[in-house]
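As structure tokens, the structure follows; a few thoughts come after it.
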Amino acid sequence: MPEPFKQLVSRTFVIKQEAVDTDQIIPARFLTTTTREGLGKAAFYDWRYDADGKPKPDEPLNMIDASEYRVLVAGDNFGCGSSREHAPWALTDYGFRAVISTTIADIFTSNALKNGLLPITVDKDTHARLLEEPGGRVSIDLEKSELTVGNNPPIKFHVEPFARRCLIEGVDPMGWLVDRVPTIETYERERAI
Amino acid sequence: MSSSNGAKTLFEKVWERHVVQAETGETPAILYVDLHLVHEVTSPQAFSELDARGLQVRRPDRTYATLDHSTPTTPPAADGSRAYVTKEAESQVATLERNCAKHGISLAGWDSDDRGVVHVMAPEMGLTQPGMVVVCGDSHTATHGAFGALAFGIGTSEVGHVLATQCLMQRKPKRMRVTVDGVLQPGVSAKDLTLAVIAEIGFGGGSGYVIEYAGSAIRALEMEGRMTLCNMSIEAGARAGMVAPDEKTIEFLRGRRHVAKGDLFEEIARDWLSLATDDSATFDKEIRIDGAAITPMATWGTTPDAALPIGAPAPRPANDSEAKALAYMGFDAGRATTEYPVDIVFVGSCTNGRLSDLRAAAEVLRGNKVKSGVRMLVVPGSEAVKQQAEAEGLHQIFKDAGAEWREPGCSMCIAMNGDVVAPGKLAVSTSNRNFEGRQGKGARTILASPATAAASAITGALTDPRVFTQIAQEAKRA
């Protein structure tokens with residue numbers, strides 16, 4: 001279970017590109033692992049390393065202190081493509097705790113929420129402001145569902161209520177579902193399956 | 001979200017049958033899963049989670065596993081050993097074998113004639129049936145929607161949820177209908193139709209929706225073509241794509257191993273037909289496409305919606321992302337993508353690795369040669385496809401032309417088994433994603449149909465396959 005998520009204040013790391021797919025976030029050749037750990041080194045691997053596996057010195061992802069940049073701001077349609085949960089595993093291990101875009105792919109959103117990585121979708125104006133100020137400060141209050149960009153007034157964002165509760169209170173979704181097995185058994189009996 | 005008159009869509013009918021506990025403001029619906037498909041890449045951490053909690057797989061009888069993503073496509077050595085890309089890949093396969101044995105899950109392993117790409121083998125075996133909820137830790141699970149099943153990809157945490165409970169927590173998606181009327185022109189395939197549909201919806205346009213594909217051009221598609229179409233629903237951002245079951249669906253499934261037999265089958269088949277969307281049901285979004293206007297399609301960029309008729313000039317970039325895509329592909333705006341030398345041709349994948357796909361490629365390739373300097377890989381989607389193709393002699397056509405005939409698997413579509421496109425090389429591929437580096441670091445991918453892939457292998461450049469198919473048809477008539 002990830003740590004409970006209530007508030008976060010951080011600088012933003014900006015990737016302006018649209019449609020950053022999960023093959024960019026973690027290339028498929030890193031998916032032969034059988035654990036969740038240590039995938040931060042594979043995050044955006046082909047952007048960060050050259051053909052010989054040497055870090056590219058001019059790649060911003062290799063230059064920042066990830067502990068200061070916990071919020072990733074990305075172009076429209078972030079996280080599209082494959083259903084690999086390795087994508088949020090890689091991003092959280094790298095150091096991100098939230099992703100902000102105008103749209104974030106459905107499966108990525110679902111996977112991120114289960115791993116303490118908060119996906120936030122914002123309107124185009126807020127997004128444009130965030131894209132223009134890489135390294136700017138944002139404040140996220142999940143209990144109030146509010147995002148504050150710099151000195152602007154806070155804006156509301158929406159997170160699926162159950163996932164939000166899981167993040168804030170540390171509720172374990174699998175445990176919640178397992179507790180409902182008696183209801184599931186009743187359904188199976190009624191359908192004779 | 002439902003039609004006010006009580007009429008229901010195909011999706012709603014399937015959804016409602018599977019609601020174990022209704023959605024509220026606070027909690028999502030608990031949705032029952034009839035069939036859970038499992039493969040080696042997205043399952044190990046889910047099994048570990050069950051182990052850590054001391055849980056068993058609740059319904060191993062509704063769980064089916066195969067090996068496809070990290071498996072080599074070269075034949076085994078004389079001693080039975082296989083050329084895995086890494087020790088880690090081999091260990092991942094062994095982990096699934098162990099987990100299946102431990103939990104009593106049927107596995108189509110190396111020794112099974114059922115083994116294949118998960119979205120090819122499950123329909124072949126009759127595991128996929130209309131009205132089911134089908135899930136798998138793979139975004140191309142929408143393939144099974146071709147049967148009127150609600151089928152979608154899930155992450156590994158959710159794989160764990162389904163293993164432990166046979167259920168998922170889900171909010172009900174919105175409804176979109178894509179209607180394609182008209183008759184497809186000769187030489188235009190389901191893949192061309194699919195690329196045209198994605199280009200119309202846009203890469204993220206399907207986010208939050210389940211798509212129903214309807215209209216005369218969809219009804220006219222055979223089941224394998226419908227699978228190609230539903231397969232790529234995720235490339236428009238949609239969780240799932242569905243086609244209402246009809247007589248073609250019933251005839252495809254009749255007699256398959258996991259389907260009911262005799263009178264019971266006829267009774268079940270009647271129920272399948274009742275799943276069709278009611279006439280007065282409404283959708284949250286409707287898109288109409290003229291099927292007769294579609295010509296062979298190929299992509300020019302690095303997202304699957306960046307598709308145009310073959311021969312059209314690459315567009316002037318409308319924004320930074322399009323400019324970056326063109327630069328990555330090495331294409332000049334205003335110049336046709338048919339003018340660049342192709343290095344690799346790949347026929348296979350869960351999108352186009354079925355028998356009809358191999359037949360289409362072979363028809364074009366028959367009596368021709370793969371151009372010198374071009375490497376062509378043909379990878380059947382399953383052991384069954386491989387055996388049928390060999391029985392028809394298709395493998396010989398591929399080999400005679402100079403193509404490589406491989407063992408079944410995902411292969412160069414996801415390029416995690418060692419079958420990769422080298423940096424900077426240009427590939428024409430029948431797979432589903434042209435993302436940067438998808439087929440290998442620095443690989444440049446054009447998505448197209450099996451016939452287009454074969455035609456491009458012959459000429460060494462992206463080629464409209466009708467040049468060859470029309471010659472073949474004229475020769476037959478003469």
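A short reminder: the numbers here are calculations on the coordinates, not readings from a lab. From a predicted model like this one, the values you see are computed outputs, not experimental measurements. Please note: Cβ atoms are built from the backbone with ideal geometry, for glycine as well, and neighbour counts cover all protein chains shown.
Brief remarks follow.
- Each of B:Leu365, B:Leu127 has some number of other Cβ atoms within 10 Å of its Cβ, and from fewest to most they run B:Leu127, B:Leu365.
- Annotation: aspartates and glutamates with alpha-carbon distance below 14 angstrom to A:Lys56 (same-chain offsets under eight excluded): A:Asp46.
- Since only A:Val171, A:Gly75, A:Ser145 are under comparison, the one whose Cα sits farthest along the positive direction of the charge dipole of the range A:7-191, derived from C-beta charges on Lys, Arg, Asp and Glu, is A:Val171.
- Contact order relative to length of chain B, as percent, for alpha carbon pairs under 8 angstrom and 6 or more apart: 17 percent
- The range B:299-477 - percent relative contact order, Cα under 8 Å, separation 6 or more: 27 percent
- Distant-in-sequence amide contacts of B:Ser382, defined by a placed amide H-H separation under 5 Å and a gap of 5 or more residues or a different chain, comprise B:Val117.
- Percent breakdown of C-alpha pair distances by 5 Å bin, ordered from the shortest bin, for the range B:47-160: 2, 10, 18, 23, 20, 14, 8, 3, 0
- For the range B:371-387 and the range A:75-151, distance of Cα centres in Å: 40 Å
- The range B:4-46 versus the range A:1-28: alpha-carbon centroid distance in Å: 27 Å
- The order of B:Met223, B:Met412, B:Met329, going from fewest to most other C-beta atoms within 10 Å of their C-beta, is B:Met223, B:Met329, B:Met412.
- Proximal charge balance of A:Phe30 [Cβ under 10 Å; K/R count +1, D/E count -1]: +2
- Spatial separation of Cα centroids for the range B:239-309 and the range B:54-131, in angstrom: 27 Å
- Nearby aspartates and glutamates by direct alpha-carbon distance to A:Lys41 (threshold 18 angstrom, same-chain neighbours under 8 apart not counted): A:Asp21, A:Asp23, A:Asp50, A:Asp52, A:Asp58, A:Glu59, A:Asp65, A:Glu68, A:Glu85, A:Asp93, B:Glu88
- Globularity ratio of the range B:299-477, using Cα Rg and 2.2 N^0.38 Å: 0.99
- The residues neighbouring B:Ala269, those whose beta-carbon lies less than 15 Å from its own, together hold a net charge of -2 under the Lys/Arg +1, Asp/Glu -1 convention.
- Shown here are the Rg and Dmax of the Cα trace of chain A, at 18.0, 62 Å.
- Lysines whose Cα lies under 29 Å from that of A:Lys156, excluding same-chain neighbours fewer than 8 positions away: A:Lys6, A:Lys16, A:Lys114, A:Lys124, A:Lys144, B:Lys172, B:Lys174, B:Lys285
- Order of A:Met63, B:Met232 under a 10 Å beta carbon neighbour criterion, fewest first: A:Met63, B:Met232
- For the range B:10-69, applying the loop criterion from DSSP together with a ceiling of 15 other beta carbons within 10 Å to the chymotrypsin sites (Phe, Trp or Tyr not before Pro) yields no site.
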